[in-house]
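The values are calculated or read from the model by the stated rules, or taken from the named source; none is laboratory data. Source: prediction; values computed, not measured. All Cβ positions, glycine included, derive from the backbone under ideal geometry; neighbour counts span all protein chains shown.
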Amino acid sequence: MSRIIHQLAFNENHWPMLPGVREALAGSLADVNLTGDALAGRLERRLAEDLGTTAGRVVAGAGSGALLQQFLAAHCAPGSTVVHTQPSFDLYPLLIRNAGAEPVEVPAGPGDRQDPAALAGAVTGRTRVVLVCNPNNPTGEVVGVAWLESLLAALPPEVLLLVDEAYREFADPAAIGDPTTVADPRLVVVRTFSKSHGLLGLRAGYLVGAAEVVGPVRRTAPFHRVPTVAQAAALAALEAGDRMRAQCREVAAERDRVRAGLLELGFDVPPSGGNYLWVRLGPHNQRFIDHLAAHGVLVREVAGGVRVSTGLPEANDAVLSAARSFAARPLTPEVAR
Ligand code: PMP
């Protein structure tokens with residue numbers, strides 16, 4: 001087994017740190033002994049300003065995973081259910097159970113797409129939240145605002161719709177739209193600095209929604225909401241919004257380049273709005289994973305497909321070159337299906 005050179009299993013952002021972030025981090029180090037902004041109020045106000053909304057509608061937290069967990073804890077009593085599609089983010093069932101609720105997994109519709117009618121159909125009197133991942137991890141599917149509105153229209157008034165936009169900046173902005181502009185108080189969006197802004201290790205994200213729906217989440221973080229160094233980095237990253245968007249476009253272009261190459265080789269790869277592709281090889285998933293590993297690329301199987309994160313061009317070239325030698329092997333016709 002060769003040494004792994006390209007880590008493409010965790011959907012990380014491999015682009016350079018955004019301008020100003022390193023300096024902000026260095027500057028914040030001198031104050032790590034201080035309380036600083038324990039409630040991350042400045043970050044929330046800045047986010048609200050950027051979103052054209054009020055700070056009461058924004059809650060900052062230590063990444064979107066923590067906020068998903070906090071949101072579910074705030075809104076789900078023991079015995080309640082949370083409905084989501086399968087395949088979707090593989091940690092949802094864990095986060096839901098940690099909140100004392102029960103996951104209800106709804107099989108995806110044709111083309112592995114999230115199906116609003118099926119999601120609404122799985123809602124019962126015990127359901128508190130429907131969870132939609134957009135772009136969906138691992139399938140890459142992007143749903144638009146009209147899709148979310150059609151789901152809202154099919155949900156009972158007391159059920160909340162939580163949209164996880166961990167990868168939104170890698171999607172076509174026209175296709176994903178901006179659900180934070182939807183007036184319905186049941187719709188809540190969670191976002192993160194982990195992927196688009198490359199701050200995964202620092203832990204910063206936010207929820208945006210109606211004050212009465214996101215407000216209870218504040219009480220689920222018993223103490224400091226976001227580390228002060230992470231706040232400093234997040235605020236600096238927001239200043240570099242243009243560069244962030246440009247980098248995400250570069251990631252998306254690389255993702256599409258790899259997809260085009262894989263399609264040409266006969267692989268089955270749905271279009272993706274995230275910083276990853278989901279390659280479906282049926283019974284050959286593990287062979288493909290092993291083949292990539294032998295060529296220095298680490299990826300993993302998620303929900304019956306091989307999820308390949310988008311790396312820097314050199315890593316993506318390594319994926320394509322390994323895929324070429326894999327497809328050229330005797331099993332080619334089977335593999336291509
Ligand atoms: N949502 C989705 C769909 C994810 O894939 C991830 C991380 N892989 C998260 C949320 C959590 O990310 P973070 O806590 O770093 O914001």
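Counting the residues of the range 25-58 that are outside any helix (DSSP H, G or I), closer than 20 Å to Gly241 by Cα and either in contact with a strand residue (DSSP E or B) (Cβ under 9 Å, 6 or more places away or on another chain) or within 16 Å of the ligand (Cβ to nearest atom) (or both) gives 3.
Each residue in the range 159-191 was checked for being among the small types (Gly, Ala, Ser), free of Cβ contacts under 8 Å to residues at least 40 places away in the same chain and not in a loop (DSSP other than H, G, I, E, B), and 1 pass. Answer yes or no as to whether Gly140 is in contact with a strand residue (DSSP E or B) (Cβ under 9 Å, 6 or more places away or on another chain), at positive phi and in contact (Cβ under 8 Å) with a residue 60 or more places away in the chain. So Gly140 passes the test.
Here's the yes/no breakdown for (1) in the same structural domain as Leu91 (by TED's automatic domain parsing); (2) under 20 Å from Phe170 (Cα atoms); (3) among the hydrophobic types (A, V, I, L, M, F, W, C):
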| position | (1), (2), (3) |
| --- | --- |
| Cys248 | no, yes, yes |
| Ala252 | no, yes, yes |
| Arg255 | no, yes, no |
| His291 | no, no, no |
| Val297 | no, no, yes |
| Ser325 | no, no, no |
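Report yes if Pro227 is within 14 Å of the ligand (Cβ to nearest atom), modelled with pLDDT of 95 or more and assigned by TED's automatic domain parsing to the domain that holds Ala38, otherwise no. Yes. If we keep just the residues of the range 181-215 that are out of contact with any Gly (no Cβ under 8 Å at 6 or more places or on another chain) and among the polar types (S, T, N, Q), which is farthest from Pro19 (Cα to Cα)? It comes out as Thr181. For the range 85-138: of the residues being surrounded by fewer than 17 Cβ atoms within 10 Å (Cβ to Cβ) and in a helix (DSSP H, G or I), which is nearest to the ligand (Cβ to nearest atom)? Checked the range 85-138; the qualifying residue nearest to the ligand (Cβ to nearest atom) is Leu94. Counting just the residues of the range 1-23 that are assigned to a helix (DSSP H, G or I) and more than 23 Å from Arg168 (Cβ to Cβ), which one comes out nearest to the ligand (Cβ to nearest atom)? Per the stated criteria, the residue is Arg22. Annotation note: Cβ proximity below 8 Å between a residue of the range 102-119 that is farther than 19 Å from Trp278 by Cα and a residue that is of a type in the set (Phe, Trp, Tyr) (sequence gap 6+ or interchain) occurs for Pro103/Tyr92; Pro116/Trp147. Take the conditions (1) modelled with pLDDT of 95 or more; (2) assigned to a helix (DSSP H, G or I); (3) crowded, with 20+ Cβ neighbours inside 10 Å; Val335 misses just one of them, which is (1). Spot the failing condition for Pro78; the list is (1) in a loop (DSSP other than H, G, I, E, B); (2) surrounded by fewer than 21 Cβ atoms within 10 Å (Cβ to Cβ); (3) in contact (Cβ under 8 Å) with a residue 24 or more places away in the chain, and only one is missed. So the condition that Pro78 fails would be (3).
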